[in-house]
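Everything on this sheet refers to the single structure shown next.
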Amino acid sequence: MSTPAPREDFPALHRTVPGGETLVYLDSGATSQKPQVVMDAVTHQEMHSNGAVKRGSHTLAAESTIAYEKARESVARLVGADPEEIVWTKNSTEALNLIAYVIDDISRGRGEAVVRGGRKKKERLSAIQERLTLREGDNVVITAAEHHANLIPWQELCIRTGAELRWFDLTEDGRIDVADGVIDENTKVVAFTHVSNVTGAVSPVDEIVARAQAVGAVTVLDACQSVPHIPVDLHALDVDFAAFSGHKMLGPTGIGALYGRTELLEAMPPFLFGGSMVEIVRMDKTTYANPPARFEAGTQPVAQVVGMGVAAEYLMNIGMDAVERHEYELTKRALEGITQIPGVRVLGPTSPDQRLGVVAFDVEGVHPHDVGQVLDAQGFAIRVGHHCAQPIHQHFGVHASSRASFAPYNTAEEVDRFLEALARVRSYFGLEDEELR
Ligand code: PLP
């Protein structure tokens, strides 16, 4: 079977595991493998163009700056944003923390430093800061399907500001239940995942955004599991902020992005302070650069940025529609197969529609770590544990699960081999299918 991302582009897919089995990599939801072009771009940047960005006039500094900004354009294009709306961060976790920290700072009255300009501009920035101010009586809405990265920063923010943390519960099959009354006129922030990293369920973004906008709340989309797998247009989705990570979208580790509407970023004080994020510094006072530089303090991971830009170009070259179609077929095949295996329960929707290719499952009577080990010995790399999403596991009545996840380099044959291996797992533990009948 041909794959949208040619397998020969990915050196890691051709290795074996101890014991000699060929690797079948089904853990791209945790971190994806990288094509050679991404690693070549990182190496080239480090070997030939390494220089500090925006800090020098020599050739290497200039080349680095050009590559750094070109990557921003590529990543912006992948997600339907403008380049100045993309802030480089270490990963999605940092991007989500950045928003929560800055809202905390604004809530403590520390936004003043960026309210500059003429009267009209100052009024506009102050009005936006008011939208981003949390007080007792206000609330932040999340969902019970969140990765801890989009849960704990909001928990902490609520503890610090006295706001209330609320959440949408889940339907029986783990979809977000957009019940009435959770978002109300006191809601200031609505933060939710685009795609669950456990069930693969795609959230009803339009509905949640419409409800949030109706009460003037800002929206934060955790797009970690969507950007690498489906076409994402952040302007069309009309969210205020979004976060995603390079290492899940065929790019390097150590780099991610925060998307923010320009007017919001402009009204936000810096998160970290230091070099590269300033205009004028005096001993008693500093003025800050405009976004995105305002949020990129210190020497940045230039090679990783360049690699993320090349990963974005790689995905756009193969086409996000093609990626989506291919992964839909893999997910359909996996769901059809897993639901046939006695003693194995899919956590989440069992129809491939409105869900993507992260497929968590519970093997009755076998701990996920044992499932993972048995499969690893046969070459299958899957994720086991709570996947940094404990509340949704509680919802399904389990502490942990096993999870297979797909990328544009996986084949239908790999899915079939995985299904055969999974069907045998319980027998290694003396649990025969007959017991279940
Ligand atoms: N959100 C979701 C839905 C995820 O799947 C992950 C990673 O697994 C994260 C956030 C955090 O990403 P990172 O560890 O790259 O910051």
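Quick notes
Yes or no, residue by residue, for (1) touching a helix residue (DSSP H, G or I) at 6+ places or on another chain (Cβ under 7 Å); (2) among the small types (Gly, Ala, Ser):
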residue: Asn139; (1), (2): no, no
residue: Gln155; (1), (2): no, no
residue: Leu165; (1), (2): yes, no
residue: Leu170; (1), (2): yes, no
residue: Asp180; (1), (2): no, no
residue: Glu185; (1), (2): no, no
residue: Ala214; (1), (2): no, yes
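- Screening the stretch 136-242 for strands (runs of 3 or more DSSP E) wholly inside it with 2 or more residues that are closer than 22 Å to Pro291 by Cβ returns the ranges 187-193, 218-222.
So that you can scan it fast, the table gives a plain yes or no per residue for (1) of a type in the set (Val, Ile, Thr); (2) surrounded by fewer than 21 Cβ atoms within 10 Å (Cβ to Cβ); (3) more than 16 Å from the ligand (Cβ to nearest atom):
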| site | (1), (2), (3) |
| --- | --- |
| Lys120 | no, yes, yes |
| Asp138 | no, yes, yes |
| Asn150 | no, no, no |
| Thr171 | yes, yes, yes |
| Arg175 | no, no, no |
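- Within the stretch 87-100, being out of contact with any helix residue (DSSP H, G or I) (no Cβ under 7 Å at 6 or more places or on another chain), over 14 Å from Val140 (Cβ atoms) and assigned to a helix (DSSP H, G or I) holds for Glu94, Ala95.
- Complete set of residues in the stretch 243-286 that are in a loop (DSSP other than H, G, I, E, B) and charged (D, E, K, R): Arg261, Arg282, Asp284, Lys285
- First in the stretch 93-108 and under 15 Å from His148 (Cα atoms), second anywhere and open to solvent by 30 Å² or more (accessible area, probe 1.4 Å) and assigned to a helix (DSSP H, G or I), Cβ under 7 Å, 6 or more apart: Ala100/Glu156
- Wholly within the stretch 291-391, helices (runs of 4 or more DSSP H) carrying at least 1 residues that are touching a residue at least 24 places away in the same chain (Cβ under 8 Å) and under 26 Å from Glu21 (Cβ atoms): 320-338, 368-377
- Checking Ala100 against (1) within 16 Å of the ligand (Cβ to nearest atom); (2) buried (at least 21 other Cβ atoms within 10 Å of the Cβ); (3) under 20 Å from Val278 (Cα atoms), the condition it does not meet: (3)
- The listed residues are Ser64, Ser49, Ser74, Ser57, and the only one of them that is in the same structural domain as Ala293 (by TED's automatic domain parsing), modelled with pLDDT under 95 and either closer than 30 Å to Met277 by Cα or aromatic (Phe, Trp, Tyr) (or both) turns out to be Ser57.
- Qualifying residues in the stretch 69-93 (those that are open to solvent by 50 Å² or more (accessible area, probe 1.4 Å) and within 12 Å of the ligand (Cβ to nearest atom)) - the one nearest to Met308 (Cα to Cα): Lys90
- Here Val239, Val218, Val209, Val195 are screened, and the one residue that is open to solvent by less than 10 Å² (accessible area, probe 1.4 Å), under 29 Å from Arg124 (Cα atoms) and within 16 Å of the ligand (Cβ to nearest atom) is Val239.
- Residue in the stretch 406-423 that is within 16 Å of the ligand (Cβ to nearest atom) and touching a helix residue (DSSP H, G or I) at 6+ places or on another chain (Cβ under 7 Å) present: yes
- Hits in the stretch 115-135 (condition: over 28 Å from Leu165 (Cα atoms), of a type in the set (Gly, Ala, Ser) and assigned to a helix (DSSP H, G or I)): none
- Selection count where residues are open to solvent by 30 Å² or more (accessible area, probe 1.4 Å) and of a type in the set (A, V, I, L, M, F, W, C), scope the stretch 221-236: 1
- So Thr350, is it over 20 Å from the mean Cα position of the chain (by Cα) and open to solvent by 40 Å² or more (accessible area, probe 1.4 Å): yes
- Qualifying residue in the stretch 392-411 (condition: farther than 26 Å from Glu329 by Cβ, open to solvent by 20 Å² or more (accessible area, probe 1.4 Å), under 20 Å from the mean Cα position of the chain (by Cα) and in the same structural domain as Leu347 (by TED's automatic domain parsing)): no
- The stretch 253-269 - residue that is closer than 27 Å to Thr31 by Cα and open to solvent by less than 10 Å² (accessible area, probe 1.4 Å) and, of those, farthest from the ligand (Cβ to nearest atom): Gly260
- Among the residues making up the stretch 288-314, those that are in contact with a Leu (Cβ under 6 Å, 6 or more places away or on another chain) and among the aliphatic types (A, V, I, L, M) are Ala297, Ala311, Ala312.
The values are calculated or read from the model by the stated rules, or taken from the named source; none is laboratory data. Everything numeric in this text was worked out from a predicted model, so none of it was measured. Glycine also receives a Cβ, built like all others from the backbone with ideal geometry; neighbour counts cover every protein chain displayed. Ligands, DNA and RNA are excluded from the accessible area calculation, which covers all protein heavy atoms including side chains. Shrake-Rupley method; radii C 1.70, N 1.55, O 1.52, S 1.80 Å.
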